[in-house]
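The values are calculated or read from the model by the stated rules, or taken from the named source; none is laboratory data. These numbers come from a predicted model, not from an experiment. A quick note on method: Cβ atoms are made from the backbone with ideal geometry, for glycine too, and the neighbour counts reach across all protein chains shown. Ligands, DNA and RNA are stripped out before the accessible areas are found, and what is left, the full protein with its side chains, is counted by its heavy atoms. Shrake-Rupley method; radii C 1.70, N 1.55, O 1.52, S 1.80 Å.
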Amino acid sequence: METNRELQLIFQKRRDKAVKDLEDRRSEIYTFIPKIKSIDKQISKLGLNIAMASIKNPDQAVLEMKAIEEEIKMLQQDKDILLTEHNIPRDFLTIHYQCDKCEDTGFLKSGKPCSCYKQELIKTSYIHSNITDVLERENFDTYNLDVFSDEYNEAYKSSPKAHMMSVLANCESFVYDFHLKDQKNMLFYGQTGLGKTFLCNCIAKALLDKGYTVLYQTAFRIIDTISNYRFSNKKTDDMRFRYNMLINCDLLIIDDLGTEMINTFSTTELFNIINTRLLEDRKTIISTNFTPQQLAETYSDRITSRLFGQFEFIPFFGKDLRWEV
Ligand SMILES: [Zn+2]
């Protein structure tokens, strides 16, 4: 499968970069503190001696090796002291992987794929997942409550700003408590331009940073993915993966619910996805322009009872933010 080769390359590059960065840091230090260079030379020479000792004289090797190891330890300590004296962090001369869990191999010691690997798989499998760029701009750090109006809204008994402040806190605790089992799923509803997508992006970014797999798709594309999978005579690994990810990813964000083609097939499949995720205790966030009433009128009772029972409905109201700068 094409994707696998692509991924191997990505992880190979990451490891190469980690090694290269370490070399760069090392040569920087060698110029800055030449003493460290000579210590490193001694250490590698001693390492060679250990190897030699075990070949030349296996009987006495254990003792000799112990002595050499002691010596190496002392030299390491000298190095640490030198670094501290120059205010350089001690891990400056150790390798820094992008993912410590799998050391940028993509796989854990158990042989299972690491979460970072799964996330890359999602990215490479979904052509439209140029989400990483968006997430650099739209995340909890860049979230600005000042764009919301202070004007009191009679219907909601709150101003958009005060309301969004509590929604924001709600979303942050959703991320914080993500590992807990009994958390509610969320459904954002309201017109376009009120910041639903922005908030979804904030949550996606925060969970990606925590190492979870997040899949962010419009309802339209989800139905597309499912029908490709269901109706194809020759199912490729790629199709299977895309389909399975809808069920298996840690967080599924269904964007723009209601813009997909709505028919028996799509509502049945949608119900399957939502319901299976609920049963397996995987979280889902839905965003829609429909009002709760429109949802009830559009979807089957099976879907709506799941939504109303298992999702926290969060309204977005106020003026369209896209026209205000
Ligand atoms: Zn990893």
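Yes/no per residue for (1) acidic (Asp, Glu); (2) assigned by TED's automatic domain parsing to the domain that holds PHE174; (3) more than 27 Å from CYS114 (Cβ to Cβ):
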{"site": "ASP238", "(1), (2), (3)": "yes, yes, no"}
{"site": "CYS249", "(1), (2), (3)": "no, yes, no"}
{"site": "LEU257", "(1), (2), (3)": "no, yes, yes"}
{"site": "THR276", "(1), (2), (3)": "no, yes, no"}
{"site": "GLU280", "(1), (2), (3)": "yes, yes, no"}
{"site": "ILE286", "(1), (2), (3)": "no, yes, yes"}
{"site": "ASP301", "(1), (2), (3)": "yes, yes, yes"}
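Applying the criterion of at least 2 residues that are among the aromatic types (Phe, Trp, Tyr) to the helices (runs of 4 or more DSSP H) found wholly in the range 147-235 leaves 160-176, 219-231. Just a yes or no: is a residue in the range 291-305 within 24 Å of PHE198 (Cα to Cα) and open to solvent by less than 10 Å² (accessible area, probe 1.4 Å)? Among the residues of the range 291-305, at least one is within 24 Å of PHE198 (Cα to Cα) and open to solvent by less than 10 Å² (accessible area, probe 1.4 Å), which makes the answer yes.
Residue by residue, here is whether (1) surrounded by 13 or more Cβ atoms within 10 Å (Cβ to Cβ); (2) at positive phi; (3) acidic (Asp, Glu) holds:
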{"position": "ASP24", "(1), (2), (3)": "no, no, yes"}
{"position": "ILE43", "(1), (2), (3)": "yes, no, no"}
{"position": "VAL62", "(1), (2), (3)": "no, no, no"}
{"position": "ILE72", "(1), (2), (3)": "yes, no, no"}
{"position": "LYS79", "(1), (2), (3)": "yes, no, no"}
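Sub-7 Å Cβ pairs linking a first residue in the range 263-290 that is under 15 Å from LEU246 (Cα atoms) to a second residue that is open to solvent by 60 Å² or more (accessible area, probe 1.4 Å) and not aromatic (Phe, Trp, Tyr), at least 6 apart or interchain, are PHE271/ARG302; ILE274/ARG306; ASN275/ARG306; LEU278/ARG306; LEU278/GLN310; ASP281/LYS181, ordered by first then second residue. Selection of the range 148-167 for residues being within 13 Å of LEU199 (Cα to Cα), in contact with a helix residue (DSSP H, G or I) (Cβ under 8 Å, 6 or more places away or on another chain) and surrounded by fewer than 16 Cβ atoms within 10 Å (Cβ to Cβ) yields only MET165. Only one of the listed residues (LEU199, LEU208, LEU215, LEU194) is within 16 Å of the ligand (Cβ to nearest atom), touching a helix residue (DSSP H, G or I) at 6+ places or on another chain (Cβ under 9 Å), under 21 Å from ARG137 (Cβ atoms) and not basic (Lys, Arg). That residue is LEU208. Taking the range 97-114 as the range and being open to solvent by 50 Å² or more (accessible area, probe 1.4 Å) and at pLDDT 90 or above as the test, the residues that pass are TYR97, GLN98, ASP100, LYS101, GLU103, THR105, PHE107, LEU108, LYS109, SER110. Comparison of THR264, THR236, THR259, THR197 shows that the only residue that is under 25 Å from HIS163 (Cα atoms), open to solvent by 60 Å² or more (accessible area, probe 1.4 Å) and hydroxyl-bearing (Ser, Thr, Tyr) is THR197. Comparison of THR304, THR284 shows that the only residue that is more than 29 Å from the chain's Cα centre (by Cα), outside any loop (DSSP other than H, G, I, E, B) and of a type in the set (S, T, N, Q) is THR304. Between MET261, MET239, MET245, the distinction of being of a type in the set (A, V, I, L, M, F, W, C), in a loop (DSSP other than H, G, I, E, B) and over 22 Å from GLY309 (Cβ atoms) belongs to MET261 only.
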